[in-house]
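The values are calculated or read from the model by the stated rules, or taken from the named source; none is laboratory data. These numbers were taken from a predicted model, which means no experiment stands behind them. In this analysis, Cβ positions are derived from the backbone assuming ideal geometry, glycine residues included, and neighbour counts consider all displayed protein chains. Just the protein is used for accessible areas: all its heavy atoms, side chains included, with ligands, DNA and RNA removed. Shrake-Rupley method; radii C 1.70, N 1.55, O 1.52, S 1.80 Å.
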Amino acid sequence: MTQIDITFSNGTVLQVLGNLIERLDDLSEPMNDIAAVLEFATEEAFATESDPATGAPWASLSDAYLKANPKRQGGKILQVSAGGLAASIAADSGNFWASIGSNKIYAAIHQFGGTDNMPAGPAGIPARQYFGVSREDEQTILDLVQNYLEYAE
């Protein structure tokens with residue numbers, strides 16, 4: 001299985017989480033809630049075909065791709081099918097962590113994009129980021145942690 005790690009580095013969130021870790025032994029409840037926020041952000045990215053962090057729309061399918069795949073004309077940029085990328089997204093969490101990922105080998109190229117000189121081409125596709133958090137998601141995460149801290153006190 002291919003694994004991609006994306007590090008979340010918002011200073012405020014990390015500081016609050018650090019304080020929480022110092023005080024508590026098991027953060028599985030807020031981590032589960034944070035994983036759900038990450039999963040919802042990703043689902044929305046597929047639904048709106050936009051970067052979850054910035055809201056910027058994904059790049060359109062190229063004319064060359066549409067010519068080679070005429071059935072994709074007017075369809076979703078990243079297909080939402082039972083066996084596709086969107087369906088492969090899974091969130092997970094533990095005592096001190098929350099994550100989201102995909103087991104699809106092609107997940108990374110859609111998240112980060114590719115270049116024309118990459119093997120298994122044409123791999124020169126633009127990034128269509130579906131993992132990420134918006135400022136609103138960051139605030140939701142902070143609120144979850146704050147509520148947990150208040151409850152735990």
At R0 = 35 Å, FRET efficiency that the Cβ-Cβ distance of SER81 and GLU29 yields, to 0.05: 0.55
Relative contact order of the chain (C-alpha contacts under 8 Å, at least 6 apart) in percent is 33
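Please find the FRET efficiency linking ASN19 to THR48, where r is the Cβ-Cβ separation and R0 is fixed at 25 Å, and quote it to the nearest 0.05.
0.15
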So for each of 53-62, 98-107, 69-78, 83-92 I average, over its residues, the number of other beta carbons within 10 Å; can you give me the resulting order with the highest mean first? 98-107, 83-92, 53-62, 69-78
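With a 1.4 Å probe and every protein chain kept in, tell me what percent of the accessible surface of the chain is carbon plus sulfur.
Whole-percent figure for carbon plus sulfur exposure: 51.
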Hey, what's the chain come to in accessible area per residue, 1.4 Å probe, Å²? 62
